1. Which whole-number percent is the relative contact order of the chain (Cα, under 8 Å, 6+ apart)?
2. Determine the sum of side-chain charges near Thr406: Lys and Arg each +1, Asp and Glu each -1, restricted to other residues whose C-beta is under 14 angstrom from that of Thr406.
3. I'd like the accessible area for Asp449: 1.4 Å probe, protein heavy atoms, all chains in place, Å² to the nearest 10.
4. Expressed as a whole percentage, what fraction of the accessible surface of the chain belongs to carbon and sulfur atoms when a 1.4 Å probe is rolled over the protein heavy atoms?
5. From the protein chains alone at 1.4 Å, what is the descending order of accessible area for His83, His64, largest first?
6. Using heavy-atom solvent-accessible surface (probe 1.4 Å) with all chains present, what is the largest-first order of Lys336, Lys87, Lys19?
7. List the cysteines of the chain that have no other Cys Cβ closer than 4.7 Å: which are they?
8. What lysines sit close enough to Lys68 to cross-link, taking a C-alpha to C-alpha distance under 28 Å and skipping anything fewer than 8 places away on the same chain?
Amino acid sequence: MTAQLDMNQTEATKKNNKKLFIKTYGCQMNVYDSQRMAEVLSPVGYELSETIDDADMVIMNTCHIREKASEKVYSEIGRIRKHQEKKAADGGRMLLAVAGCVAQAEGEEIMSRAPEVDMVFGPQTYHRLPEMVAKASRAAGQKILDTDFPPEDKFDHLPDETKSEGVTAFLTIQEGCDKFCTFCVVPYTRGAESSRNVTSIVAEAKRLVASGAREITLLGQNVNAFHGQGRDGSEWGLGRLVRHLADKVDGLDRIRYTTSHPRDMDDDLIAAHGELPHLMPYLHLPVQSGADNMLAAMNRKHTAKEYMELVEKLFKARPDLALSSDFIVGFPGETKQDHADTIRLVSEVGFGAGAFSFKYSERPGTPAAASEMQVAEEVKDERLAGLQQLLNAQQQAFNESMAGKTIPVLFEKPGRENGQMMGRSPYLQPVHIQGPESLVGQIIDCKIDHVKGHSLFGEAVEPFVENEQERAIA
Ligand code: SAH
Ligand code: SF4
Ligand code: F3S
């Protein structure tokens with residue numbers, strides 16, 4: 001009888017379960033947000049699905065950072081419309097939501113240009129999803145646009161159940177930006193800077209570790225501007241938070257944070273790099289340009305020399321550090337000499353950990369877009385190619401310097417070849433060795449034998465737990 005009842009209940013829940021498909025664009029914070037959206041929608045019957053086929057709701061979590069990124073939205077909506085039509089022909093309905101930074105920036109336009117979209121909401125309102133969905137699914141035709149910057153903090157309204165999907169996890173600790181670099185949309189799409197409180201961060205970190213994470217990347221648009229309320233009521237900086245997490249969250253072995261602004265690297269955080277083995281010797285520290293006039297026009301609030309001095313301090317604290325960065329070529333007014341200054345800075349600093357470089361893209365509403373000194377597309381192409389060649393060579397040389405070294409590797413998943421496992425070095429390089437699947441979640445010293453492309457290959461040089469049973473005992 002009970003069994004029968006249970007079965008009926010399971011059947012009933014299955015019927016209520018609707019399929020949710022989320023497509024994520026842009027930065028790590030969007031990846032984090034997408035996961036949280038799924039958690040918000042789970043209690044109202046939506047279950048994440050790997051494919052769009054037959055989905056009851058599709059969320060596009062969008063990025064507005066460059067023109068190409070936001071253009072994708074409209075072409076993708078066109079493709080999803082076909083799935084909607086198919087679902088409607090079968091007597092169903094596929095709700096379509098546009099979330100994220102394009103939604104925040106162009107909400108009204110999306111609503112008027114794309115009638116197939118049912119809901120548009122920004123990064124700060126997705127905790128309201130259950131209400132929005134209830135309204136949108138009630139009567140056909142009821143459209144939702146929610147791009148407020150609400151007075152309530154979404155983190156106070158999100159479910160306390162974030163689980164890690166693997167051995168590495170993201171955790172947003174700070175959001176928004178008050179820096180207003182003249183090329184950037186983020187201060188408009190994510191809103192004013194705000195930090196979460198330490199108690200809720202620690203609780204979430206513990207949940208992530210309890211569900212399998214051994215590495216957490218703390219996220220923020222300006223993560224090192226973190227100034228959250230500490231347990232004692234005072235404001236804590238990122239250095240203090242990182243020390244606290246390392247101390248209080250058992251089983252958390254690796255901590256990373258991204259993205260940092262050079263202006264906010266304070267001495268305490270730099271010192272933490274020298275003291276905490278948990279903090280990985282890898283830092284993404286965007287500089288954008290090596291020319292002072294460009295840095296000033298970009299409103300980055302530091303000079304090339306100040307950046308180099310900061311890097312020197314960091315290496316003093318942590319000599320085995322490797323840097324990554326972001327660069328923009330062809331910012332309005334950039335001359336040949338300015339670009340040469342960037343190349344010089346890259347040569348002097350060395351970005352072994354893989355840097356990102358972009359052609360300047362005019363973004364509506366940002367000050368630089370109004371400049372009359374836009375750089376020609378062909379010039380941008382040429383500068384980008386030159387810079388990328390240098391950055392690739394630096395990364396390749398850094399990867400090759402790993403050959404013969406023994407480094408700790410956190411294993412994530414099986415590799416492509418039979419019996420192969422894939423993990424990451426402290427510098428985020430993929431490392432492949434032959435080994436059992438029980439390696440997932442273990443940090444093992446591996447000797448690197450050779451390097452191919454961006455991947456390192458080697459073998460374990462310390463014993464590891466061979467199977468799940470042994471692991472349970474260990
Ligand atoms: N908060 C981070 C950057 C977020 S955007 C920081 O301050 O460093 C990620 C990168 O995209 C930026 O570092 C910049 O290099 C690039 N970017 C931002 N706006 C851009 C634009 N309009 N054109 C080209 N690249 C841009
Ligand atoms: Fe954009 Fe500058 Fe803020 Fe980074 S610091 S998010 S580049 S405005
Ligand atoms: Fe893109 Fe928004 Fe992130 S514009 S880079 S998704 S903060």
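The values are calculated or read from the model by the stated rules, or taken from the named source; none is laboratory data. Nothing here was measured: the structure is a model prediction, and the numbers come from that model. Cβ sites come from the backbone with ideal geometry, for glycine too, and all protein chains shown count toward neighbours. Accessible surface is based on the protein model in full, side chains and every heavy atom, while ligands, DNA and RNA are left aside. Shrake-Rupley method; radii C 1.70, N 1.55, O 1.52, S 1.80 Å.
1. So the answer I get is 9 percent.
2. Local charge sum for Thr406: -3.
3. 110 Å²
4. 51 percent
5. Order by accessible area, largest first: His83, His64.
6. My answer, sorted largest first, is Lys336, Lys19, Lys87.
7. Cys27, Cys63, Cys101, Cys177, Cys446
8. Qualifying lysines at Cα under 28 Å: Lys23, Lys82, Lys143, Lys179, Lys301, Lys336, Lys359, Lys380.
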